[in-house]
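What follows is a set of notes on a single structure, which appears directly below.
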Amino acid sequence: MRYRTDRQQPAENLTAAEAGSPRRVRERSWAGFTTSVLALQEMAGNAAVASRLQRLAGNEAGLRLFPVQRQTAGMVTNEQLLNALPEREVPILPPDVEARLRILLRQDRRQPCLDLVVEALVLSGWIDRRLLAGGRMYARLAVSGEGESIPRGSRREGNFRSAYRTPVGVGPDAFRGGLSWLVTSVLHEYQHVEQFQVGSTSIVPGQEPVPSLMLQQDVEAYCWEILHARDTGLARNHRQLLEVWSRAHENWSRLGDPGRRALSDLYTQTHT
């Protein structure tokens, strides 16, 4: 059976119709990188780079502002360019990917943006593409909240059982809070994907359409977001971090003592 939960809708708010046809809703490093300046130059041209540097740095570091060319030897060093750039928003993304994603977000190109996020997280080991239906996540206008993940059961292969690949839809709200909000939303949904796996290392694994399990799994996913807030950049936005913590607490408060017992240590960690 399939059922529905999302990052905004508590499991106990399911309608009878939804319960019958449900859905489950919502240290790595990069060795070397291409600077955000070069990525911006590739996508938007020299004038955009010069304009950005002028806004960010002025002439405070002794930079002479000019239309940037590919060959800047003897004029501006890479170190000067990097120092003129803002602090990285999402530490687990390479700087050039961040730059491209900001452009895609401004252009509201949701599927290319989502594909690039997932690709970067696959390359850095945060996501296993083999667990996703179609090997990707899908931008879906019809998804309420930030996302939904749909368990599809499991199958036997020889002496082993494995879960079917999980369809994951990412809704419009995930794209409206900035890059770090998108990344943490994607990884929230991926926590559900891992919870659905046979032999999952999740504290609360399973695919059963049981309200208490669905609440537990959302608590675990929200706590994961909080504990990885520095990695995703969520820690830089206190309002959004508080929103995620509030959702974790709301789902926690709906659990009885038996449901809380398995998650007690994890939930306590989010308060330290």
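I'd like to check which helices (runs of 4 or more DSSP H) are fully inside segment 74-139 and have at least 1 residues that are modelled with pLDDT of 95 or more.
By residue number, 95-106, 110-123.
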### Query
Within segment 149-179, can you find the residues that are under 19 Å from residue 136 (Cα atoms) and in a loop (DSSP other than H, G, I, E, B)?
150, 151, 152, 153, 164, 165, 167, 171
### Task
Assess whether residue 144 counts as being open to solvent by less than 60 Å² (accessible area, probe 1.4 Å) and modelled with pLDDT under 95.
yes
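Condition check: β-branched (Val, Ile, Thr) and under 24 Å from residue 209 (Cα atoms). Does residue 122 satisfy that?
Working: β-branched (Val, Ile, Thr): yes; under 24 Å from residue 209 (Cα atoms): no.
Answer is no for this residue.
Table: residues versus (1) aromatic (Phe, Trp, Tyr); (2) in contact with a helix residue (DSSP H, G or I) (Cβ under 9 Å, 6 or more places away or on another chain); (3) modelled with pLDDT of 95 or more; (4) closer than 23 Å to residue 127 by Cα.
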| position | (1), (2), (3), (4) |
| --- | --- |
| 202 | no, yes, yes, yes |
| 220 | no, yes, yes, yes |
| 226 | no, yes, yes, yes |
| 233 | no, yes, yes, yes |
| 239 | no, no, yes, no |
| 252 | yes, yes, yes, no |
| 261 | no, no, yes, no |
| 265 | no, no, yes, no |
| 270 | no, yes, no, yes |
### Task
Scan segment 201-212 for residues that are open to solvent by less than 50 Å² (accessible area, probe 1.4 Å) and either within 20 Å of the chain's Cα centre (by Cα) or farther than 26 Å from residue 242 by Cβ (or both) and jot them down.
202, 206, 207
### Query
With respect to the numbered conditions (1) in a helix (DSSP H, G or I); (2) under 18 Å from residue 127 (Cβ atoms), which one is the sole condition not fulfilled by residue 214?
(2)
### Query
Out of all the residues in segment 244-254, is one or more closer than 28 Å to residue 134 by Cβ and of a type in the set (Asp, Glu)?
no
### Summary
Taking first residues from segment 175-196 that are over 19 Å from residue 220 (Cβ atoms) and second residues anywhere that are surrounded by fewer than 22 Cβ atoms within 10 Å (Cβ to Cβ) and among the acidic types (Asp, Glu), the pairs with Cβ under 6 Å that are 6 or more apart or on different chains are 179/89; 180/89
### Task
Specify which of the listed residues (163, 174, 133) is touching a Pro at 6+ places or on another chain (Cβ under 7 Å) and crowded, with 16+ Cβ neighbours inside 10 Å.
133
### Query
When only residues in segment 236-259 that are of a type in the set (Lys, Arg) and either under 30 Å from residue 92 (Cβ atoms) or in a loop (DSSP other than H, G, I, E, B) (or both) count, which is most open to solvent (accessible area, probe 1.4 Å)?
239
### Task
Hey, could you check segment 177-200 for residues that are surrounded by 24 or more Cβ atoms within 10 Å (Cβ to Cβ) and of a type in the set (Phe, Trp, Tyr) and say which is farthest from residue 100 (Cα to Cα)?
196
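The values are calculated or read from the model by the stated rules, or taken from the named source; none is laboratory data. Since the structure is predicted, the reported quantities are computational estimates derived from the model, not experimental observations. All Cβ positions, even for glycine, are placed from backbone atoms using ideal geometry, and neighbour counts span all protein chains on display. Just so you know, the surface numbers come from the protein's heavy atoms only, side chains and all, with ligands and any DNA or RNA stripped out. Shrake-Rupley method; radii C 1.70, N 1.55, O 1.52, S 1.80 Å.
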